[in-house]
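What follows is a single structure, written as structure tokens, with notes after it.
Read-outs throughout are calculated quantities, based only on the coordinates presented, and are distinct from any laboratory measurement. Since the model is a prediction, treat every value here as computed from it, not as a measurement. With ideal geometry, Cβ positions are generated from the backbone for all residues, glycine too; neighbour counts draw on all protein chains shown.
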Amino acid sequence: MKALDELTFDNRFARLGDAFSTHVLPEPLDEPRLVVASNAAMALLDLDPAVAETPVFAELFSGHKLWAEAQPRAMVYSGHQFGSYNPQLGDGRGLLLGEVYNEAFEHWDLHLKGAGQTPYSRMGDGRAVLRSSIREFLASEALHALGIPSSRALCVIGSSTPVWREKQERGAMVLRLAHSHIRFGHFEYFYYTKKPEQQKELAEHVLSLHFPECMEQPEPYLAMFREIVERNAELIAKWQTYGFCHGVMNTDNMSILGITFDFGPFAFLDDFDAHFICNHSDHEGRYSFSNQVPIGQWNLSALAQALTPFISVEALKEALGLYLPLYQANYLDLMRRRLGLTTAEDDDQKLVERLLQLMQNSAVDYTLFFRRLGDESAALAVARLRDDFVDIAGFDAWAEQYTARVARDSDDNEEQRCERMHAVNPLYILRNYLAQNAITAAESGDYSEVRRLHEVLTRPFEEQPGMEQYAQRPPDWGKHLEISCSS
Ligand code: AMP
Ligand code: MG
């Protein structure tokens, strides 16, 4: 276990120099206080969880103090936002404080979001509010607990600093951890500004530090791109399987590591709705739940364009062609598991599609349906669940196929099947209304609800006595919360 002043820095991105990032010091928030910290994220840095309660912790992650070895930098990047190219973005309110490595020699970026203005702030104030910082914190840690690759969050520090959004709110900072903060938009920036040398340097950096296994391949850059395609196909299959809607899949919010990254107006589905749009500003539904699949490919082709100096167009196209089949295979595999199936049959895809259609038509709770399906024998479970459906005859027809399919599947007993299903079907999910309750309490200075919710979400598959209220469908007020893009 390490104390806070024992972190070991190795600022590899900062060493790339001023063409890639700008030195900026964080601008402190007034009266910093710990809102919530993640013990699991602390462990990634070998930090003793007790240090989160010390005053210096809140000072370090609110811009008051800095390690001597930290080299805070604002990164430059660009990207496609809602389909249009924006030539200059960059860290407008976040700073890469530095890279530290742990005892296992894993490097982690310490990224402080809400740290004040930078040369890339454009019209923005460089700040993040408590509301959005809590949302990012909870989502990062909840996704990780579900087994969905994500950037991580160490803590949220609140403050008394006023920040204006639609109304006056309070500033906060979230400390984000990731092996890299390089986005598709980093490659796009050097490609469209026609800086081939820097682009090459960036590509070398990413290849050698984040895809070292690709260096052994005959065409290392192509191998790296293929790997990025594969990771994204797997990631988006997991989002679709668990009902996660990102909300702002702009190419500047896509990590080259294939992890969930940059949380804005995200949501987990309550009722199943393929057309759900979680971003209040997304009028055309570009980033609706079901569009995440083709948008994943669109984003990869934007990255492919930026890689044309290194890889032939033919090879890029071929690699892009891997995305959809890989996505489909991953998705079907995960959905089979959610249904408790261990074998594959040709009609499984149809079984899943038919179920989702029925759920869509009856606005059935996406998370609880699968959880309950694994509560008891298939026959008993479907008998209990049929009341949730309007089209009862339709559900009965599905249920008959399903129970027959389960009977053909494996010779393990009911108990084993239920255990298997509970291990992949969460009981607790970060519903918008639960986040909203925690935020409302935190805004009035009570952080106990954020902390409790975070605790519950770290073990989403385990039934936790006394926590039944976190496994409920939303009350009426919490059903269709509009999440503003402002953060
Ligand atoms: P996002 O929608 O959070 O992914 O941000 C898109 C771009 O706007 C990034 O370059 C951000 O750094 C920048 N940005 C967002 N909010 C602010 C803010 N309050 N101040 C400065 N820049 C911001
Ligand atoms: Mg962003």
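Things worth noting here:
- Over all pairs of different C-alpha atoms, segment 265-305 has a mean inverse distance whose reciprocal, the Kirkwood radius, equals 11.1 Å.
- If only the Cβ of Lys and Arg carry +1 and only the Cβ of Asp and Glu carry -1, the dipole of the chain around its Cα centre is close to 1060 debye.
- Rounded to the nearest 20 debye, the dipole magnitude of segment 1-130 is 580 debye, with +1 charges on Lys and Arg beta carbons, -1 on Asp and Glu beta carbons, and the Cα centre as origin.
- Just so you know, the averaged projected area of the alpha carbon convex hull for segment 185-332 sits at 9.1 nm².
- The separation of segment 15-30 from segment 157-173, counted between C-alpha centres, amounts to 22 Å.
- Neighbour-limited loop hits for chymotrypsin sites (Phe, Trp or Tyr not before Pro), segment 208-270 (at most 16 other Cβ within 10 Å; DSSP other than H, G, I, E, B): none
- Label positions at Glu31 and Thr54, each projected 7 Å from the Cα along the C-beta direction, are separated by 2.5 nm.
- Among the cysteines of the chain, Cys155, Cys214, Cys418, Cys485 have no other cysteine beta carbon within less than 4.7 Å of their own.
- Kirkwood Rh and Cα Rg combined as Rg over Rh, evaluated for segment 4-181: 0.95
- Over segment 182-305, relative contact order from alpha-carbon pairs under 8 Å, at least 6 apart, %: 27 percent
- In loop segments of segment 75-169 as defined by DSSP, the GluC sites (Glu not before Pro) with at most 15 further C-beta atoms inside 10 Å of their C-beta are Glu103, Glu106, Glu166.
- Relative exposure of Phe82, Phe395, judged by other C-beta atoms within 10 Å (fewest first): Phe82, Phe395
- For the chain, adding -39500 (n - 2.57) for each run of n ≥ 4 DSSP H residues and dividing by the number of residues yields -12500 deg cm²/dmol at 222 nm.
- With contacts taken as Cα pairs under 8 Å and at least 6 residues apart, the chain reaches a relative contact order of 14 percent.
- Both the radius of gyration and Dmax for segment 45-121 are 15.3, 46 Å, in that order, over alpha-carbon atoms.
- Reduced Cα scattering model of the chain, Debye log10 I(q)/I(0), q = 0.06, 0.07, 0.13 Å⁻¹: -0.28, -0.38, -1.28
- Check: segment 364-404 dipole with +1 on Lys, Arg Cβ and -1 on Asp, Glu Cβ, in debye: 120 debye
- Model label sites at His275 and Met215, defined 7 Å from Cα along the beta-carbon direction, differ in position by 5.1 nm.
- Note on the chain: dipole from Cβ charges, positive end direction compared against Ala237, Tyr120, Met254; the farthest Cα belongs to Tyr120.
- Segment Glu463-Glu353, length gained on full extension (0.36 nm per residue, minus Cα span): 36.8 nm
- Relative contact order for segment 41-105, counting Cα pairs under 8 Å that sit 6 or more residues apart, in percent: 30 percent
- Computed extension length for Ile392-Gln416: 5.8 nm, one decimal, from 0.36 nm per residue of separation with the Cα-Cα distance subtracted.
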